[in-house]
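Q: Below is one structure. I have some questions about it.
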Amino acid sequence: EQDFITDSGSARDVGNRIRDHGLSIDLFQPFRDFEGLPGDLRTRAFDRAERKFDLMQELGAELMLVCSSLHPKALGGVERAADDLRELGQRA
């Protein structure tokens, strides 16, 4: 039996083994410090999200938990956060 903690297989391999055991990954977490970031930080946050979406697809996870941003450079405003989260949902 392999130890998943130290397994060197790909994310797809890990996802397949999990499914082979009749299990599923229902939620990928955490994804934090995303909404409200300015300029280049916002671009990097969306790039990070795209990489997480790729990983989630390999694992077979369909939901992502997005924690509230605590990033010190995050800008306030409900509209800005809503716009970022809306775009994240569209990309997903």
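Q: Please indicate, with yes or no, whether at least one residue in segment 35-47 is among the aliphatic types (A, V, I, L, M) and assigned to a strand (DSSP E or B).
A: Within segment 35-47, not a single residue is among the aliphatic types (A, V, I, L, M) and assigned to a strand (DSSP E or B).
Q: Looking at segment 24-55, which of its residues are touching a helix residue (DSSP H, G or I) at 6+ places or on another chain (Cβ under 9 Å) and more than 19 Å from SER68 (Cα to Cα)?
A: SER24, ILE25, ASP54, LEU55, listed by residue number.
Q: Something else: Count, please, the residues in segment 51-62 that happen to be charged (D, E, K, R) and surrounded by 12 or more Cβ atoms within 10 Å (Cβ to Cβ).
A: Number of matching residues: 3.
Q: Out of all the residues in segment 28-46, is one or more farther than 24 Å from VAL78 by Cβ and surrounded by 16 or more Cβ atoms within 10 Å (Cβ to Cβ)?
A: Within segment 28-46, one or more residues are farther than 24 Å from VAL78 by Cβ and surrounded by 16 or more Cβ atoms within 10 Å (Cβ to Cβ).
Q: Still on this model: Out of (1) among the hydrophobic types (A, V, I, L, M, F, W, C); (2) surrounded by fewer than 13 Cβ atoms within 10 Å (Cβ to Cβ); (3) touching a residue at least 12 places away in the same chain (Cβ under 8 Å); (4) part of a loop (DSSP other than H, G, I, E, B), the odd one out for LEU75 is which?
A: Going through (1) among the hydrophobic types (A, V, I, L, M, F, W, C); (2) surrounded by fewer than 13 Cβ atoms within 10 Å (Cβ to Cβ); (3) touching a residue at least 12 places away in the same chain (Cβ under 8 Å); (4) part of a loop (DSSP other than H, G, I, E, B) one by one, LEU75 breaks only (2).
Q: Could you grab me the full set of residues in segment 17-27 that are open to solvent by 40 Å² or more (accessible area, probe 1.4 Å) and either over 15 Å from the mean Cα position of the chain (by Cα) or at pLDDT 95 or above (or both)?
A: Within segment 17-27, ARG17, ARG19, ASP20, HIS21, GLY22, LEU23, SER24 meet the criteria.
The values are calculated or read from the model by the stated rules, or taken from the named source; none is laboratory data. Quick caveat, the model's predicted, so the values are computed rather than measured. Methodologically, a virtual Cβ is constructed for each residue, glycine included, from the backbone with ideal geometry; neighbour enumeration extends over all protein chains shown. The area values use the complete protein model at the heavy-atom level, side chains included, leaving out ligands, DNA and RNA. Shrake-Rupley method; radii C 1.70, N 1.55, O 1.52, S 1.80 Å.
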